[in-house]
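Single-structure report; data block below.
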Amino acid sequence: MPDQETDFDRLLACDVPLLDLRAPVEFIQGAFPSATNLPLMTDDERAQVGTCYKQQGQQAAIALGHQLVAGQLREARLQGWLNWLQDHPDGVIYCFRGGLRSQTAQEWLNAAGRPVTRVKGGYKALRRRLLQEIEQGFAGPGFVLTGLTGSGKTDWLARSPLSLDLEGCAHHRGSSFGNWSEPQPTPINFENRLAIARLKQRKAGIHSWLVEDESAMIGRCPIPLPLYERMQQAPLLLLEVSFEQRVRQIRHDYVETMQHHFNDDFERLEHYLQDSLKRLYKRLGDREWRRLSAVMTEAVRQQQQGHGCDAHEEWIATLLSVYYDPIYARHQAAKEDRIIKRGEAEELAEWLAQQPEAQAS
């Protein structure tokens, strides 16, 4: 077993289990999807060692670290790592720079009869590799899928091996009704997820990319600038869907799907819908907002009584026609010359599959 791992692409693209030894506050700020946090030191212990390092130097800080994590506490943390490695026999450990913390843990594990490999350069090296992927991975040809709100763009994208699910990486659908019940990742974790997804594509021989047309922010997550700039230049595919079909799609995405997600808790469903509508208050004006709010409340009541979701279509149709469609029309006017193909779902899929840039090598 090698002492240190330097094949960062393998670790990231193959979802190798990673044991993150950094303090919880570091892990929360940024980590990787396959990582588990079992820290060598708590936040408080790390802060004490850091202060000691600044005031007395490295050797004093190391001595304090061993003093703080000793005896039964040391054994408990070692046992936690051993248990994790039992469940993840191919796991690799890392700390921030691949230095003292991961080296210490590696020595303890070796002494316990369980050799393990640590990441050379630690979290910082893996993060640097992903930033490089964001910078370089979108340099090749790409496509952007656009279309009116409710066109089912996310569902269509899932059918293409070229696609990268920006909204899935961000845990947000990119609209006023786009909040998921789960919190969004930190911007760093959003970048990490996106970069890993692109890295996996390129290792599979998929050089082109396809994303949904988005604004610069998806909820609170900014799209990385290298990708966003490429999105503003890439050719557009326009998905054309009837108004009635778009109303049904919105109903499915934001009513039926969320009802299931909330386990038929209609109070939570109404709170989610009303909170989303409230974000449009200034755009709609008080009178129209109050009217749509009342329509929404009645629609949830009928839904709860077992009458289905049809009553929701009134507020959905109104928002599409008076809010979302006019915004789309204004933004789309500046992009018209970039549209290289428009059509319904099957037509677009067939066209894209025939393009040389869309072929995997």
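The values are calculated or read from the model by the stated rules, or taken from the named source; none is laboratory data. Given the structure is predicted, the values throughout are model-derived calculations rather than measurements. Neighbour counts run over all protein chains shown; Cβ positions are idealised from the backbone, glycine included. Just so you know, the surface numbers come from the protein's heavy atoms only, side chains and all, with ligands and any DNA or RNA stripped out. Shrake-Rupley method; radii C 1.70, N 1.55, O 1.52, S 1.80 Å.
Values computed for the structure shown
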read-out	value
Scope the stretch 224-266; condition free of Cβ contacts under 8 Å to residues at least 40 places away in the same chain and hydroxyl-bearing (Ser, Thr, Tyr); matching residues	228, 242, 257
Qualifying residue in the stretch 106-129 (condition: in contact (Cβ under 8 Å) with a residue 24 or more places away in the chain, open to solvent by less than 20 Å² (accessible area, probe 1.4 Å), part of a loop (DSSP other than H, G, I, E, B) and in contact with a Lys or Arg (Cβ under 8 Å, 6 or more places away or on another chain))	no
Meets criteria (outside any loop (DSSP other than H, G, I, E, B) and in contact (Cβ under 8 Å) with a residue 24 or more places away in the chain) for residue 50	no
Residue list for the stretch 293-310, restricted to those being in a helix (DSSP H, G or I) and either within 18 Å of residue 268 (Cα to Cα) or β-branched (Val, Ile, Thr) (or both)	293, 294, 295, 296, 297, 298, 299, 300, 301, 302, 303, 304
Output for the stretch 27-45, where each listed residue is more than 30 Å from residue 170 (Cα to Cα) and surrounded by 15 or more Cβ atoms within 10 Å (Cβ to Cβ)	45
Scan of the stretch 1-23 for residues that are without any contact (Cβ under 8 Å) to a residue 60 or more places away in the chain, in a loop (DSSP other than H, G, I, E, B) and open to solvent by 10 Å² or more (accessible area, probe 1.4 Å), ordered by number	7, 14, 15
Of residues in the stretch 46-60 being surrounded by fewer than 19 Cβ atoms within 10 Å (Cβ to Cβ) and among the aliphatic types (A, V, I, L, M), the one nearest to residue 80 (Cα to Cα)	47
Whichever residue in the stretch 196-243 is in a strand (DSSP E or B) and out of contact with any Asp or Glu (no Cβ under 8 Å at 6 or more places or on another chain) and, among such residues, is nearest to residue 332 (Cα to Cα)	238
Filtered residue count, the stretch 316-361, keeping only those that are open to solvent by 80 Å² or more (accessible area, probe 1.4 Å) and outside any helix (DSSP H, G or I)	7
Qualifying residues in the stretch 128-147 (those that are among the hydrophobic types (A, V, I, L, M, F, W, C) and more than 18 Å from the chain's Cα centre (by Cα)) - the one nearest to residue 203 (Cα to Cα)	139
Scan of the stretch 90-117 for residues that are basic (Lys, Arg) and closer than 25 Å to residue 72 by Cβ, ordered by number	101, 114
Considering residues of the stretch 89-99 that are of a type outside the set (Ser, Thr, Tyr) and touching a Gly at 6+ places or on another chain (Cβ under 8 Å) only, the residue surrounded by the fewest Cβ atoms within 10 Å (Cβ to Cβ)	99
